[in-house]
Each structure stands twice: as C-alpha cells, then as structure tokens.
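Here is the structure we will look at, set down as structure tokens.
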Amino acid sequence: MGFSRKERKERKAKMKKMMMTLWCAAIMASSAAMAGTNNVDIVAAARKQIGVTVGYDPAYRRLVCPNGDVPRSSGVCTDVVIRALRDARKVDLQKLVHEDMKSNFAKYPQQWGLKRTDPNIDHRRVPNLQCFFKRKGWSLKTTKTASDYEPGDFVTVIVGGRLPHIMIVSDKKAADGTPLVIHNIGSGTKEEDCLFTYPLTGHYRMKGVAR
C-alpha cells in the first residue's frame, strides 16, 4: 500500500530536518576538532627562527617604531613571540603595547621606575606582555596538565627564582605527551621539552585580532 500525498510530504519534511541536524552536527564536530589548531601558524613562524636566532642579547637598543627589531641573529625570549606574531599574523606587539601603555600607563607594571612609555623596550619585557595579554582577554588557567596547552599558546615562567621568561607552546610533543616549547632562554631560539621545568606564572591564548 502506497503513502498518501500528505504522508509523503510529511516524510520528506522529516527527512530534510534529519539531514539538516546531521549536517549541523558535522560542522560542530569539525569546528571542535580544529579548535586546537587555530594558532599553529604562530608555531610555524616561531620554528623558522631556529638556526637564525643563535644568540641572546638583553642589551637596550634604540628601535624604530612600528616594526622595530634587533638583528634576528640574536634577541631575548620576548623577541621570539614578537617576531612570530609579526611573521604569522602581521601583528606588531611593539605598536600595540606602546599604544595601550600610553593610554593606560598606571595599569602596567611599574618596577622599572619609568614615568612614561618607551617603545624601544616596553614590548620586550615579559611582565608588560603578560599585562597586555590579560587586558586583551587572552588569559587562561595555569595548570600542570599537558592537555590544557595548545599549539601557539604563550606560557610565562620564572627562571632561577627571579627572571621572567616567555615561551610558545609547540605542536610537537615529548614522549610523555607534554608539548614542547619554542623559546630563547640564552643560546638562541630552540624547541625543547621544558614546559613544566620552571614555575608557571601565566598561560595565554591569542583570540581574534589584536587591536
């Protein structure tokens, strides 16, 4: 016995609704799967610095602004982040930090005794980047759970009990599943297994466009 015209219409509508539901579920699953790879371009840009930046030089340098940089053969930990964001996203932390500090100077760390901004060095100081990232809403919970860290995340630590340091979480992992990091801790940009080696002080993930 065949279906009536009304029944065929109802079955067609139900089938269409079911297909739409399955399509939406597939899109959501795909988005969830990609959520952890949104910032892999930052990792790739940081990795390209390995073998190029082979030294460490914390000396104060006068820079042009925007897009000022010291010679790429050297630099400090923050320069790895600054260069990676410029190369991957055209995001200039020198300009952005300077502008935000200029408008909100009292909200930034004051331990250097400065009374005004200095675009030569402000963006190259870890505490200032921490403040900027937090103000942009990029802060995440700091944990010692490896799965909480995604490629392209920024992690800050304290080295030797007093020196702030920043690293970029890699898309590669150690044998135990802990993500590697890309950083310059004294001998040029390297990719190493030291995410949890030093006391953690911050965890940040870039979201959207930094403006």
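Nothing in this text is a laboratory measurement; each read-out follows from the coordinates by a stated rule. Model, not experiment: these values are computed from the prediction. Note: ideal-geometry Cβ built from the backbone for every residue, glycine included; neighbour counts use all protein chains shown.
General remarks:
- Flag not set for Gly137, criterion: part of a loop (DSSP other than H, G, I, E, B), in contact (Cβ under 8 Å) with a residue 40 or more places away in the chain and surrounded by 13 or more Cβ atoms within 10 Å (Cβ to Cβ).
- Test: residue in region 166-176 that is aliphatic (A, V, I, L, M), closer than 16 Å to Ala46 by Cα and outside any strand (DSSP E or B): no
- Looking only at residues of region 115-133 that are among the polar types (S, T, N, Q) and either on the phi > 0 side of the Ramachandran plot or part of a helix (DSSP H, G or I) (or both), we find that the one that is farthest from the chain's Cα centre (by Cα) is Asn128.
- Filter result for Glu191 (touching a residue at least 60 places away in the same chain (Cβ under 8 Å), under 19 Å from Ile42 (Cβ atoms), of a type outside the set (A, V, I, L, M, F, W, C) and touching a Gly at 6+ places or on another chain (Cβ under 8 Å)): no
- Just one of the listed residues (Val97, Val81, Val76) is surrounded by 21 or more Cβ atoms within 10 Å (Cβ to Cβ) and free of Cβ contacts under 8 Å to residues at least 60 places away in the same chain, namely Val97.
- Count of residues meeting criterion [closer than 19 Å to Val43 by Cβ and in contact with a Ser or Thr (Cβ under 6 Å, 6 or more places away or on another chain)] in region 77-128: 1
- Residue match in region 165-173 (condition: among the hydroxyl-bearing types (Ser, Thr, Tyr) and under 26 Å from Pro71 (Cβ atoms)): yes
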